[in-house]
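Below you'll find the structure, written out as structure tokens, and then a few comments.
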Amino acid sequence: MCILTIAVFKKMALNEAISLRKLGWEPAFDWSNYCNKRSLSQAYKLIVPGNRMIEGAVSYHLDEGFAFISLLESAPSNRYGNPNRIYVNVADVLIGEVCRQSIESGFEGYVSLVSKSEKISYYVDRIGAHQMGGTTRMYIDSIAANRLIELYYY
């Protein structure tokens, strides 16, 4: 059964970022680093209206000609392999939002990120990203960006 849910993106507050570790989010990721005005990248949360629970988060900044994703994470309740998973495709929706921001900024949807090595095939097969040489650096072109936007935003 597939249930479509409306979700919104909002800037993440520092107190929210600090609370993520206590809620079982990846301890190696310090989201609070991206919740101050001095940080190049800013943190955004994905929430369902009427619910304060953060379903996923992304930190990104606009660079010269593309958006760069610094951090990307689904809430523990939405991760692949969780037998009680609440929402699927959270990472896809987060990436799609960054693609939208890239287009709105005149960058044609181009997005770059550095992948964990075990996630490279996910980004290639599911998102349509391209690997840069033999590195973990990847990019999403305008074709893949528009596909994500059409899938999740129209």
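The values are calculated or read from the model by the stated rules, or taken from the named source; none is laboratory data. Predicted, not measured: the structure shown is a model, and the values here were computed from it. Positions of Cβ are generated from backbone atoms using ideal geometry, with glycine treated the same way; all protein chains shown enter the neighbour counts. With ligands, DNA and RNA removed, areas are computed over all heavy atoms of the protein, side chains included. Shrake-Rupley method; radii C 1.70, N 1.55, O 1.52, S 1.80 Å.
Of the residues that sit in region 71-86 and are among the polar types (S, T, N, Q) and open to solvent by less than 40 Å² (accessible area, probe 1.4 Å), which one is nearest to residue 15 (Cα to Cα)?
74
Just for region 45-57: of the residues that are part of a strand (DSSP E or B) and farther than 16 Å from residue 21 by Cα, which one is nearest to the chain's Cα centre (by Cα)?
Within region 45-57, the match that is nearest to the chain's Cα centre (by Cα) is 46.
Report, by residue number, each residue of region 1-19 that is at pLDDT 95 or above, in a loop (DSSP other than H, G, I, E, B) and in contact with a Phe, Trp or Tyr (Cβ under 9 Å, 6 or more places away or on another chain).
Listed by number, the list holds a single entry, 12.
What's the total number of residues in region 115-154 that are part of a helix (DSSP H, G or I) and surrounded by 13 or more Cβ atoms within 10 Å (Cβ to Cβ)?
So the count comes out to 15.
Do the conditions hold for residue 57, that is, is it aliphatic (A, V, I, L, M) and over 29 Å from residue 142 (Cβ atoms)?
no
If you go through region 36-47, how many residues are open to solvent by 30 Å² or more (accessible area, probe 1.4 Å) and modelled with pLDDT of 95 or more?
2
The rows are residues; the columns are (1) surrounded by fewer than 19 Cβ atoms within 10 Å (Cβ to Cβ); (2) of a type in the set (Asp, Glu); (3) not in a strand (DSSP E or B).
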| position | (1), (2), (3) |
| --- | --- |
| 88 | yes, no, yes |
| 93 | no, no, yes |
| 98 | no, no, yes |
| 113 | no, no, no |
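Take the residues in region 129-154 that are free of Cβ contacts under 8 Å to residues at least 24 places away in the same chain and touching a strand residue (DSSP E or B) at 6+ places or on another chain (Cβ under 7 Å); name whichever of them is farthest from residue 7 (Cα to Cα).
132
For region 20-29, name all the residues that are assigned to a loop (DSSP other than H, G, I, E, B), open to solvent by 50 Å² or more (accessible area, probe 1.4 Å) and either touching a strand residue (DSSP E or B) at 6+ places or on another chain (Cβ under 6 Å) or not aliphatic (A, V, I, L, M) (or both).
26, 27
Might you check whether a residue that is β-branched (Val, Ile, Thr) and open to solvent by 20 Å² or more (accessible area, probe 1.4 Å) occurs anywhere in region 48-55?
Yes, some residue in region 48-55 is β-branched (Val, Ile, Thr) and open to solvent by 20 Å² or more (accessible area, probe 1.4 Å).
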